[in-house]
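Notes for the one structure printed next.
The values are calculated or read from the model by the stated rules, or taken from the named source; none is laboratory data. This one's a predicted model, so the numbers in the text were calculated from it and none came from an experiment. Virtual Cβ from ideal backbone geometry, glycine too; neighbours counted across all protein chains shown.
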Amino acid sequence: MKSEKIDIHAHIIPEHIPDLKKKYGYGGFIHLEHHRPSFANMRRDDGTFFREIGQNCWDPEWILRDMDAHQVDKMVLCTIPVLFSYWAEPAHTLDWSKYLNDHLASVVNRFPDRFIGLGTVPMQAPDLAIEELRRCKEELGFPGIEIGTNINQLNLSEKIFDPIWAAAESLNAAILVHPWEMMGQADMQKYWLPWLVGMPAECSRAICSCIFGGVFDRYPKLKMMFCHGGGSFPFTLGRVQHGYDSRPDLCAIDVLEGPKNYVGKFWVDGITHDLKTLEFLIDLMGADKIAYGTDYPFPLGDLEHGKFIEQATSISAEVKAQIMGGTARAFLGI
């Protein structure tokens, strides 16, 4: 019997984006330039090119075609991080978040058996973020939200975000933490290094911030999943623990336990692109803390939709079933 296959990490964008510069009175936002059939350029409103995307980034029927071809039962959709717009005026980010969330809800409502939505909220303004989080959960029916690894370069451990974590915990809302605004990005533009080096580092930054900043202690029922296999964190955990042990005066000023004790208190997706790496992750985290994901439809994603997991002879059928569907259900509370 085929086990259920739930992709925990995929993206979607509205086909048409309003002129936000005209609407809000200042620039910096992304717009879409449909320059040829089935493709569009994402550009900032100053004309700066970001990336080209295909129709499978906005058309749910195209997405379903790929899902069916790879036997994906359900896909968790969330916005593209460049659209977070945490830098904008809070009221405008809230308005923009509502636009994105309403669009996402319309897609989920069209295909409720295939899609699950994770909303976006104005994290730079906790009161407004909680307002939209509650709407996502209680009105739109989303199990949670997607957020960035940092908020305007503030770490997730900053006390300003505590009300959001408290609200998410009380609502049993799942939080998918996605890397963006990578540290050091301006210093490593060549070779796509912000995506190859910066993103894994951003995931580790977010996890370490939550550990050392006591987030998991203050909110023990908070459900956080970190993208891209937890980035570089799992593979530098020994160094992080050694730092805690050797320099507690620097590392242990807020944390209650050693970093290794927090493994199991958060989730990661399984986007490792490598079987040996995934085996290590399973050994470290446990299959119940790892969920199959793809980062669909982007080039750095697993566009073979978990084929390397399904074909692995070193992973038991039980563990595969947990990763491919069971963990997502538990994390999302569905």
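Observations on the model:
- Pair list, Cβ < 7 Å and 6+ apart or interchain, from the range 22-46 residues that are more than 19 Å from PHE298 (Cβ to Cβ) to residues that are of a type in the set (A, V, I, L, M, F, W, C) and surrounded by fewer than 16 Cβ atoms within 10 Å (Cβ to Cβ): GLY28/TRP87
- Between ALA206, ALA167, ALA201, the distinction of being in contact with a helix residue (DSSP H, G or I) (Cβ under 8 Å, 6 or more places away or on another chain) and small (Gly, Ala, Ser) belongs to ALA167 only.
- Flag if THR120 is crowded, with 16+ Cβ neighbours inside 10 Å, out of contact with any strand residue (DSSP E or B) (no Cβ under 7 Å at 6 or more places or on another chain) and within 19 Å of ILE13 (Cβ to Cβ): no
Condition check ((1) within 23 Å of VAL197 (Cα to Cα); (2) touching a Lys or Arg at 6+ places or on another chain (Cβ under 9 Å); (3) aromatic (Phe, Trp, Tyr)) across all residues:
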site: MET224; (1), (2), (3): yes, yes, no
site: CYS227; (1), (2), (3): yes, no, no
site: PRO234; (1), (2), (3): yes, no, no
site: GLY238; (1), (2), (3): yes, yes, no
site: PRO248; (1), (2), (3): no, no, no
site: PRO259; (1), (2), (3): yes, no, no
site: GLY264; (1), (2), (3): no, yes, no
site: VAL268; (1), (2), (3): yes, yes, no
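- Test: residue in the range 176-191 that is crowded, with 18+ Cβ neighbours inside 10 Å and β-branched (Val, Ile, Thr): yes
- Filtered by the rule that a residue be at pLDDT 95 or above, surrounded by fewer than 19 Cβ atoms within 10 Å (Cβ to Cβ) and among the aliphatic types (A, V, I, L, M), the range 1-16 gives no residues.
Condition check ((1) in a helix (DSSP H, G or I); (2) at pLDDT 95 or above; (3) not basic (Lys, Arg)) across all residues:
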| site | (1), (2), (3) |
| --- | --- |
| ASP254 | no, no, yes |
| ASN261 | yes, yes, yes |
| GLY264 | no, yes, yes |
| LEU278 | yes, yes, yes |
| ASP283 | yes, yes, yes |
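- Against the criterion of being of a type in the set (A, V, I, L, M), within 27 Å of ARG134 (Cα to Cα) and assigned to a helix (DSSP H, G or I), ILE175 does not qualify.
- Flag if LEU133 is buried (at least 21 other Cβ atoms within 10 Å of the Cβ) and more than 15 Å from the chain's Cα centre (by Cα): yes
- The range 153-170 - residue that is touching an Asp or Glu at 6+ places or on another chain (Cβ under 8 Å) and more than 15 Å from PHE226 (Cβ to Cβ) and, of those, surrounded by the fewest Cβ atoms within 10 Å (Cβ to Cβ): GLN153
- Selection count, the range 145-171, where residues are acidic (Asp, Glu) and in a helix (DSSP H, G or I): 2
- Selection within the range 4-58: residues that are part of a strand (DSSP E or B) and of a type in the set (Asp, Glu). The member of this set that is farthest from THR93 (Cα to Cα) is ASP7.
- Subset of the range 277-325 [among the small types (Gly, Ala, Ser) and buried (at least 19 other Cβ atoms within 10 Å of the Cβ)]: ALA287, ALA291, GLY293, GLY301, GLY306, GLY325
- Residue match in the range 199-217 (condition: part of a loop (DSSP other than H, G, I, E, B) and either basic (Lys, Arg) or in contact with a strand residue (DSSP E or B) (Cβ under 6 Å, 6 or more places away or on another chain) (or both)): no
- Residue count, the range 57-74 (criterion: touching a residue at least 24 places away in the same chain (Cβ under 8 Å), surrounded by fewer than 19 Cβ atoms within 10 Å (Cβ to Cβ), farther than 24 Å from GLU33 by Cα and of a type outside the set (D, E, K, R)): 2
- Consider the range 287-334 and keep the residues that are among the acidic types (Asp, Glu) and part of a helix (DSSP H, G or I). The one that is nearest to TRP62 (Cα to Cα) is GLU310.
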